[in-house]
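S.K.: Structure below; questions to follow.
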Amino acid sequence: MIDYRVRSISLLNLVNDIHNEKLVPDAYFQRNLVWREVHNKDFIQTILLGFPFPQIFISKGKIDVETMSTVSCIVDGQQRTNAITQYIDGAFDVDGKRFQDLTEDQKSAFLKYEIAVIELDLDNNDPKVKDIFQRINRTSNSLSTIEKMASEYATSYFMLTAKLLADQIDLNCIDTDNFKEDPNIPPAFFIWARDQKITKFKQLITSKGIFTARELSKKAHLMHVLNIMSTLHNGFYNRNEKMIENLDSYSQEFEEKDDLIALMEVTAEFILSMKFHKKSYWYNKSNIFTLFVIFGNATRDGIDLDAISCKQKLEAFEIDLDESYKLAAKEAVNGRKERQHRHNRLLEILGLE
């Protein structure tokens, strides 16, 4: 049985605790921010009208006996607290008024608003905290498959390598107690990761329009990275099968991580060198997956690749796409059959079969 207490806290004290780093809103088990501005505005309007909203869950955290203080983490309520701090900082208006435009009485009422809180008597690194977070998010606006995986396999070396590639890990957290990353991640990983130079892959996967801003916020690109890694490591498979096996198999160490990261970086650099325009057909998810596996394997096999020639062949093929490829790049794109069909067809087009 977990001890907890129900209490209330003024909005002003909540915001001050966040600003003073006594309350961490975006701890390691949290998802990325996914609310759009319309959701933020609707929520702030609820407060301005004086209406109640569901309670926020907080893990109390461990007492530091030397400083006689605690650092708590928000377990459920990150989106709401972010909306509050953003509104106070003037990031958006509600009904044409930003926080700074409110009257003194309106500001006072807003800051005095009482927020219902359930305070869990748990350390922030207790596995129960992560479990509670996942259970709460099984219902409305529930976690996506990859968000659940990122939380469940947070300390797996295979997941950590993928997060590093997808720019989903803060490498400075080892020197702080802000709980932005899972405290159970081995310090050795952070030391190793800081020595990795990953620029081209991050540029390709996050800046070329392959994923929308919302997809990036929901970690969709992380799933893509895991599947590219697994295919280069294991060969073709159906949907996410091998990826899950790898997360389990390489939970303690992933010895091939250096070689795989180097391969991913070189392959990304080659694809970028072809200079496709941002809305290119080859920058959709299924095609970039196929190209990455083809060029990655070719690079590993020591095959010389010419960017200009490859681009010309791909663009010529795009002009007269056959129906079977078009279908394999559009429907059931993560099936083994479809992945292999795209792979074999492009090998033929590129003269690499």
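S.K.: Quick one: count up the residues across the stretch 50-83 that are outside any loop (DSSP other than H, G, I, E, B), over 15 Å from E21 (Cα atoms) and touching a strand residue (DSSP E or B) at 6+ places or on another chain (Cβ under 9 Å).
M.R.: Number satisfying all stated conditions: 5.
S.K.: Which residues, taken from the stretch 171-180, are surrounded by 14 or more Cβ atoms within 10 Å (Cβ to Cβ) and at pLDDT 75 or above? First the steps, then the outcome.
M.R.: Taking the stretch 171-180 as the starting set, the residues that turn out to be surrounded by 14 or more Cβ atoms within 10 Å (Cβ to Cβ) are 171, 173-174, 177-180.
Within the stretch 171-180, L171 is the sole residue that qualifies.
S.K.: Of the residues S59, S69, which single one is under 26 Å from K218 (Cα atoms), assigned by TED's automatic domain parsing to the domain that holds W35 and hydroxyl-bearing (S, T, Y)?
M.R.: Details: S69 fails: under 26 Å from K218 (Cα atoms).
Result of the check over S59, S69: S59.
S.K.: Please determine, by comparing only the residues of the stretch 67-87 that are of a type outside the set (S, T, Y) and over 23 Å from I136 (Cα atoms), which one is modelled with the lowest pLDDT.
M.R.: That would be M68.
S.K.: Further question: Looking at (1) without any contact (Cβ under 8 Å) to a residue 24 or more places away in the chain; (2) buried (at least 20 other Cβ atoms within 10 Å of the Cβ); (3) not in a helix (DSSP H, G or I), find the lone condition where E255 falls short.
M.R.: Failed condition: (2).
S.K.: Within the stretch 152-162, does at least one residue satisfy the condition of being surrounded by fewer than 21 Cβ atoms within 10 Å (Cβ to Cβ) and within 23 Å of P54 (Cβ to Cβ)?
M.R.: Checked against the condition, which is being surrounded by fewer than 21 Cβ atoms within 10 Å (Cβ to Cβ) and within 23 Å of P54 (Cβ to Cβ), the stretch 152-162 yields no hits at all.
S.K.: Taking the stretch 206-234 as the search range and keeping residues that are among the hydrophobic types (A, V, I, L, M, F, W, C) and within 16 Å of W282 (Cα to Cα), which one is surrounded by the most Cβ atoms within 10 Å (Cβ to Cβ)? Outline the logic, then answer.
M.R.: Step one: filter the stretch 206-234 for residues among the hydrophobic types (A, V, I, L, M, F, W, C), giving 210-211, 213, 216, 220, 222-223, 225-226, 228-229, 232.
In the following step, the residues that additionally are within 16 Å of W282 (Cα to Cα) were identified as 210-211, 228.
Working: I210: 22, F211: 21, I228: 24.
Only one residue tops the list, namely I228.
S.K.: Here's a follow-up. Mind checking which helices (runs of 4 or more DSSP H) fall wholly inside the stretch 91-160 and carry at least 1 residues that are aliphatic (A, V, I, L, M) and under 28 Å from D64 (Cα atoms)?
M.R.: On the way: elements: 104-112, 127-136, 145-152.
Here the list reads 127-136.
S.K.: Hey, among K278, K311, K285, which residue is loosely packed, with under 13 Cβ neighbours inside 10 Å, touching a residue at least 12 places away in the same chain (Cβ under 8 Å) and under 27 Å from A220 (Cα atoms)? Spell out the reasoning first.
M.R.: Details: K311 fails: loosely packed, with under 13 Cβ neighbours inside 10 Å; K285 fails: loosely packed, with under 13 Cβ neighbours inside 10 Å.
Unique residue meeting the criteria: K278.
S.K.: Now for a separate question. Any residue that is free of Cβ contacts under 8 Å to residues at least 40 places away in the same chain and either in contact with a Pro (Cβ under 8 Å, 6 or more places away or on another chain) or over 19 Å from R98 (Cα atoms) (or both) - is there at least one of those in the stretch 22-40?
M.R.: No; the residues of the stretch 22-40 include none that is free of Cβ contacts under 8 Å to residues at least 40 places away in the same chain and either in contact with a Pro (Cβ under 8 Å, 6 or more places away or on another chain) or over 19 Å from R98 (Cα atoms) (or both).
S.K.: Let me confirm something: among A329, A316, A307, which residue is over 18 Å from L226 (Cα atoms), modelled with pLDDT under 95 and among the small types (G, A, S)?
M.R.: Of A329, A316, A307, the one residue that is over 18 Å from L226 (Cα atoms), modelled with pLDDT under 95 and among the small types (G, A, S) is A329.
S.K.: Follow-up question, since we're still on this one. What pairs come out if I take residues in the stretch 229-252 that are in a helix (DSSP H, G or I) and pair them with residues that are of a type in the set (K, R) whose C-beta lies under 8 Å away, six or more apart or interchain?
M.R.: Within 8 Å, the pairs are S230/K242; T231/K242; T231/R339; L232/R300; H233/K242; N234/K242.
S.K.: Let me ask something else about it. Could you check, for the stretch 192-206, whether at least one of its residues is part of a loop (DSSP other than H, G, I, E, B), at negative phi and at pLDDT below 90?
M.R.: Step one: list which residues in the stretch 192-206 are part of a loop (DSSP other than H, G, I, E, B), which gives 194-199.
Next, from what is left, pick out any that are at negative phi: 194-199.
With the extra rule that they be at pLDDT below 90, the set shrinks to none.
Taking every residue of the stretch 192-206 in turn, none turns out to be part of a loop (DSSP other than H, G, I, E, B), at negative phi and at pLDDT below 90.
S.K.: For a quick check of your reading: which helices (runs of 4 or more DSSP H) sit entirely within the stretch 275-344 and have at least 2 residues that are hydrophobic (A, V, I, L, M, F, W, C) and in contact with an Asp or Glu (Cβ under 9 Å, 6 or more places away or on another chain)?
M.R.: Output list reads 323-328.
S.K.: Just the residues that are more than 21 Å from L111 (Cβ to Cβ), of a type in the set (S, T, Y), surrounded by 13 or more Cβ atoms within 10 Å (Cβ to Cβ) and out of contact with any Gly (no Cβ under 7 Å at 6 or more places or on another chain), please, taken from the stretch 29-82. Show your work before the answer.
M.R.: Within the stretch 29-82, the first condition is being more than 21 Å from L111 (Cβ to Cβ), and the residues that meet it are 29-39, 57, 59-71, 73, 75-76.
Of the ones still in play, those that are also of a type in the set (S, T, Y) are 59, 67, 69-70.
Right, trim to surrounded by 13 or more Cβ atoms within 10 Å (Cβ to Cβ) and you get 59, 70.
Selection gives S59 alone.
The values are calculated or read from the model by the stated rules, or taken from the named source; none is laboratory data. Keep in mind it's a predicted model, so treat the numbers as computed, not measured. Every residue, glycine as well, gets a Cβ built from its backbone with ideal geometry; the counts of neighbours run over all protein chains shown.
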